[in-house]
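The values are calculated or read from the model by the stated rules, or taken from the named source; none is laboratory data. Every value quoted in this text rests on a predicted model; they were computed, and no experiment measured them. Ideal geometry is used to build each Cβ from the backbone, glycine not excepted, and the neighbour counts take in all protein chains shown. The area values use the complete protein model at the heavy-atom level, side chains included, leaving out ligands, DNA and RNA. Shrake-Rupley method; radii C 1.70, N 1.55, O 1.52, S 1.80 Å.
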Amino acid sequence: MKNRLKQLRAVHGLSQGALAARLDVSRQTVNALENGRYDPSLPLAFRIARLFDASIEDVFEDQATSSGKQKPRPDQ
Amino acid sequence: MRIGRFYREFGLAMLAYAIVSVISLKILGAGVDNQTLRTLISVSPVVPICAVCWTILRNIRRVDELQRAIQVEALAFSLAGTAIITMGYGFLESVGYPRITMFAVWPLMAVLWTIGLFYGERRYK
């Protein structure tokens, strides 16, 4: 799934490590999310949206409705 | 940090395993007449091995969702690979190939698990 995680993180002045700590996940997970290599579970998606004071739709873009090329997911 | 805690717990359990193994071998080497006692002493390292397994399971429960997914995939790869290799070699033993001790199974699983983790982590980079 496309997402705006990297932009939101930059706007809030957070490093990947800092964001990972706030979300209680590993930095590897944040990196994978930003690169579109991993889609979060619903609870994690809600935590991310709440952290950035945004809706899930503001953070994540459904692949079915997005346009443009996507990096293929590992399981595709 | 979670990973530091895991290595500490895992390290202590492995140390316990090494100590119990050495002591049990020394005792058995000195000679134990009683068969029941010999059996109990020889399997005593299994107790710290259970602790090692417990630390691994605890760590898998503690890590985040992506790491858990990577671990599960790596374990599935290790399980499948170990099944294929041990079953395959079992057939070879039946046609005269040298018998290999059961002690070889765990190192094989560990190597395949490590390979599975390596490729699993690369997929999500």
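Structure data summary
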{"read-out": "Search result, residues across the stretch A:19-36 that are buried (at least 17 other Cβ atoms within 10 Å of the Cβ), of a type outside the set (Gly, Ala, Ser) and within 17 Å of B:Tyr124 (Cα to Cα)", "value": "A:Val25, A:Gln28, A:Thr29, A:Val30, A:Asn31, A:Leu33, A:Glu34"}
{"read-out": "Candidates B:Gly29, B:Gly4 - the one that is surrounded by fewer than 12 Cβ atoms within 10 Å (Cβ to Cβ) and over 30 Å from A:Ser41 (Cβ atoms)", "value": "B:Gly29"}
{"read-out": "Within the stretch B:76-102, considering residues that are assigned to a helix (DSSP H, G or I) and open to solvent by 60 Å² or more (accessible area, probe 1.4 Å), the one nearest to A:Tyr38 (Cα to Cα)", "value": "B:Phe77"}
{"read-out": "Complete set of residues in the stretch A:23-45 that are small (Gly, Ala, Ser), at the interface with chain B (Cβ under 7 Å from one of its Cβ atoms) and not in a loop (DSSP other than H, G, I, E, B)", "value": "A:Ala32"}
{"read-out": "Test result for B:Ile115, part of a helix (DSSP H, G or I), farther than 30 Å from A:Ser41 by Cβ, hydrophobic (A, V, I, L, M, F, W, C) and open to solvent by 60 Å² or more (accessible area, probe 1.4 Å)", "value": "no"}
{"read-out": "Counted residues, the stretch B:39-60 - those being within 14 Å of chain A (Cβ to nearest Cβ) and of a type outside the set (A, V, I, L, M, F, W, C)", "value": "1"}
